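The following block contains the structure, expressed as structure tokens.
Nothing in this text is a laboratory measurement; each read-out follows from the coordinates by a stated rule. Computed from a prediction, not measured in an experiment: that's the story for all the values here. Cβ sites come from the backbone with ideal geometry, for glycine too, and all protein chains shown count toward neighbours.
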């Protein structure tokens with residue numbers, strides 16, 4: 001066999017393999033990957049120390065307008081390094097969320113400790 005025939009045979013085999021791979025990929029639902037990617041992108045804030053308003057909104061489960069209102073009334077700890085963009089320290093948000101702890105009637109730390117043993 002000449003080099004040209006060998007090259008054609010190799011190319012033909014490669015094309016055949018590529019077609020098989022494409023058929024496999026077509027079986028996968030692209031919508032599920034897009035949905036999952038969007039979820040991952042939306043929760044990337046978990047690994048960050050400082051959050052934007054959008055990320056803080058998702059993290060706290062509050063609307064962005066609520067977040068902005070709370071920053072304007074100084075009801076939530078935040079930073080404005082350049083006077084315009086608002087950022088939040090995740091550790092400070094966690095402390096802020098734990099303020100005003102409401103303890104149900106009949107609940108005590110002692111009962112909690114006994115159940116853990």
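Can you give the Kirkwood hydrodynamic radius for the range 42-97, in Å, rounded to one decimal and based on Cα pairs?
11.2
Moving on. Which angle between 0 and 90 degrees, to the nearest 10, do you get for helix 3-27 versus the longest principal axis of the chain when only C-alpha atoms count?
Taking Cα atoms only, the helix is inclined about 30 degrees.
Still on this model: Once you have the Cα-Cα distance between residue 17 and residue 32, take 0.36 nm times their residue separation minus that, and quote the gain in nm to one decimal.
My answer for the length gained is 2.9 nm.
While we're looking at this one, here's another question. Which FRET efficiency value, to the nearest 0.05, is calculated for residue 24 and residue 4 with the Förster distance at 35 angstrom and r the Cβ-Cβ distance?
Efficiency, from the Cβ-Cβ distance: 0.70.
Right, something else. Could you list, bin by bin from short to long, the percent of Cα-Cα pairs of the chain in 10 Å steps?
10, 22, 16, 17, 12, 10, 8, 4, 1
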